[in-house]
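Input: a single structure, listed below in structure tokens.
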Amino acid sequence: MGMTMIEKILARKAGVPTVAPGQIVTCEVDLTVMIDLQFATGWIPPTRIADPDRVAVVMDHAVPAPTVQDAEGGVNARRFVADFGISKFFDVGAHGICHQVIAENGLARPGEILACTDSHSCAAGAYNTAARGLGPAEVYAILCTGRTWFEVSPTIRYELIGSLPDGVSGKDVFLHLAGVFGDATNHNLEYGGDGIASLSMSDRRTIATQGAEISADFSIFPADRACRDFVDEHSPPDAAPYDGVEADPDARYAAVRRVDLSALEPHVARPGGVSGNSLPVSAVEDRAVQQCFIGSCANGQLEDLRIAASIVRGKKVAAGVRLLVTPASQRVYRDAMRAGYLQDLADAGAVITNSTCGACFGYHLGVLGPGEVCLTSSTRNFTGRMGSPDAEIYLASPATVAASALVGRVTDPRDTRD
Amino acid sequence: MLRTRFSGRVWVVGHSVNTDAMYPAHAMKMSIPEAARHVFYELRPGWVDDVERGDIIVAGRNFGLGSSRPVAALLRELGISALVAEEFNSLFFRNAINHGLPALRVGGVSTAFADGETMTLDLSEGWVANDDRGTRLPGDRLPDLVLEILSAGGIMEKLAMDGYLPETHRRS
Ligand code: SF4
């Protein structure tokens, strides 16, 4: 019987010819990614680890350290890296949100398994990698043993056709799916179809990342030409070859859903969650906003900053609105600075922050006060996510957030074009 | 030795209760005992004062959607003995098991119990009973691999037994 992409990777890494939904398999993990938070609470230095070459350490969630506890995490992380000779270390200065750092260093590789203790690790699915959120204790165990177990979940396939209209991006694709189809708890998501070719790698990353919001396990894209080009371009010259997976023509799916990209509009998720709660921007209530945020692993990519800069260039953020922009990594920061995007954004009145998770998870750099309304391009709009539980969080694309910052209300980005 | 059958008083919460409702970001700056004071801070203010060692949380669909933050560590700190839900987010489920907190999937459980009733559950046979109503519901029995982690008391305890942690973290 045929297998889906995820089933193929799990079977390969478990060393068995096939797997099917419901089966539990123990798999070799190709890369374990440790983040700063993991070193800040209850860190125990292990006596031995599986393989220092299959470990990356990324400082991202709380850098530069906003609390003494986080600073101590940094101390622990640096000692761990030195003790075990970890070469893939992205310390402050070479840092960024882990999913971005992983991608831009060619560490998410087609056909491989990546483990990281962040719920949005499914981001690496954009590069045909099987990655999903795992708890810190489990990632620690994988660090030690090099393996873990998975229960194979049924897969939902999205068959994409057509190409996105102007002003519509990966975030809108995802919000449309979340709004129409709702949760995918204990399911994998697989994207395929002719429409994939027209989706940029940054749009794919946004879509893959957001899978966590509908409670999916893995989410994955095929290793087509664009994917392989991206990985090759970002990999070190001495990187080993990889072997991407394709879905078998007779793979079995829990559902196959066809989506015409060319029919999509900009979307907004209303506060609380995305499932069954996302609508075309034209159908969302008219809301004044106080904070607009462009950033996160999903939408702080160079392309996102390019789009945002092109919308605000030569204009001003509305009175009473704070526009915060967080490039997803130090590399994105430098590239966006060189390209003039940061200048355009700052000239329009935006605050450009250091590359970190910060505002996305309401930890530092821009938390919300009671009664405030925020429109964000980050990943998650749970109550209290970005600060006060009495703030409201709407979620949208960087284009929609940038356009809304200019108007001071939730706005269709297609309406603010010159 | 893992107790696979035990009883406890239940607290019932609804569908799609997410991790941020149990472990808010501001609590991530605290120690585990302090952070545990913030579980359900918005959903059920004051609940942490009423919860007692051995209590069981019953939930509806999509329980634990959200972050990888180890909510299970806080729930264990509060003395919660098990989670029983109609459906778990798989990351949340794995976190519970890895922290030695049993989690059992039982269809229809959230309407079969009310706050304060007593549940008896069996992890290896996979069922729960409402001792007050005299009813019983079948659930998913936990796979052996999962029972093994629970028997060790969690994944860190298993690593300690296998010699991956320094002496000071090994239990005799
Ligand atoms: S940016 Fe937000 S969603 Fe992404 S890794 Fe950081 S906290 Fe998680």
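The values are calculated or read from the model by the stated rules, or taken from the named source; none is laboratory data. Bear in mind the structure is a predicted one, so any value in this text is a computation, not a measurement. In this analysis, Cβ positions are derived from the backbone assuming ideal geometry, glycine residues included, and neighbour counts consider all displayed protein chains. Ligands, DNA and RNA are stripped out before the accessible areas are found, and what is left, the full protein with its side chains, is counted by its heavy atoms. Shrake-Rupley method; radii C 1.70, N 1.55, O 1.52, S 1.80 Å.
What to note about this one:
- Output for the range A:361-387, where each listed residue is more than 17 Å from the chain's Cα centre (by Cα) and over 19 Å from A:Ala62 (Cβ atoms): A:Gly369, A:Pro370, A:Gly371, A:Glu372, A:Val373, A:Cys374, A:Leu375, A:Thr383
- Taking each residue of the range A:92-104 that is surrounded by fewer than 24 Cβ atoms within 10 Å (Cβ to Cβ) and looking for partners that are basic (Lys, Arg) with beta-carbon atoms closer than 8 Å, six or more apart or interchain, yields A:Glu104/A:Arg331.
- Evaluation of A:Glu392 against the conditions (1) within 16 Å of the ligand (Cβ to nearest atom); (2) within 14 Å of chain B (Cβ to nearest Cβ) shows that the sole unmet condition is (1).
- Taking strands (runs of 3 or more DSSP E) as the structural unit, those lying wholly within the range A:1-86 and holding at least 2 residues that are within 14 Å of chain B (Cβ to nearest Cβ) and open to solvent by 30 Å² or more (accessible area, probe 1.4 Å) correspond to A:24-28.
- Selection within the range B:139-172 - in contact with an Asp or Glu (Cβ under 7 Å, 6 or more places away or on another chain) and crowded, with 18+ Cβ neighbours inside 10 Å: B:Ile155
- Extreme residue, farthest from A:Ser378 (Cα to Cα), among residues of the range B:87-110 that are in a loop (DSSP other than H, G, I, E, B) and facing chain A (nearest Cβ under 7 Å): B:His99
- Number of positions in the range B:1-39 that are touching a residue at least 60 places away in the same chain (Cβ under 8 Å), open to solvent by 40 Å² or more (accessible area, probe 1.4 Å) and farther than 25 Å from B:Arg61 by Cα: 1
- Checking A:Thr379 against (1) farther than 20 Å from A:Ile207 by Cβ; (2) within 12 Å of another protein chain (Cβ to nearest Cβ), the condition it does not meet: (1)
- For the range A:133-172, filtered to residues that are of a type in the set (D, E, K, R) and in contact with a strand residue (DSSP E or B) (Cβ under 8 Å, 6 or more places away or on another chain), the residue that is nearest to the other protein chains (Cβ to nearest Cβ) is A:Glu138.
- In the range B:40-70, the residue that is most open to solvent (accessible area, probe 1.4 Å) out of those that are within 14 Å of another protein chain (Cβ to nearest Cβ) and basic (Lys, Arg) is B:Arg61.
- Subset tally (residues that are closer than 20 Å to A:Glu190 by Cα and assigned to a strand (DSSP E or B)) for the range A:141-156: 4
- Of all residues in the range A:105-140, those satisfying the criterion of being part of a loop (DSSP other than H, G, I, E, B), touching a residue at least 24 places away in the same chain (Cβ under 8 Å) and not β-branched (Val, Ile, Thr) are A:Asn105, A:Gly106, A:Leu107, A:Ala108, A:Arg109, A:Pro110, A:Gly111, A:Glu112, A:Asp118, A:Asn128.
- Some residue of the range B:124-133 being touching a residue at least 12 places away in the same chain (Cβ under 8 Å), more than 14 Å from every other protein chain (Cβ to nearest Cβ) and more than 18 Å from B:Thr4 (Cα to Cα): yes
- Considered as a group, the residues in the range A:16-67 that are closer than 30 Å to A:Thr155 by Cα and small (Gly, Ala, Ser) include one that is modelled with the lowest pLDDT, and that residue is A:Gly22.
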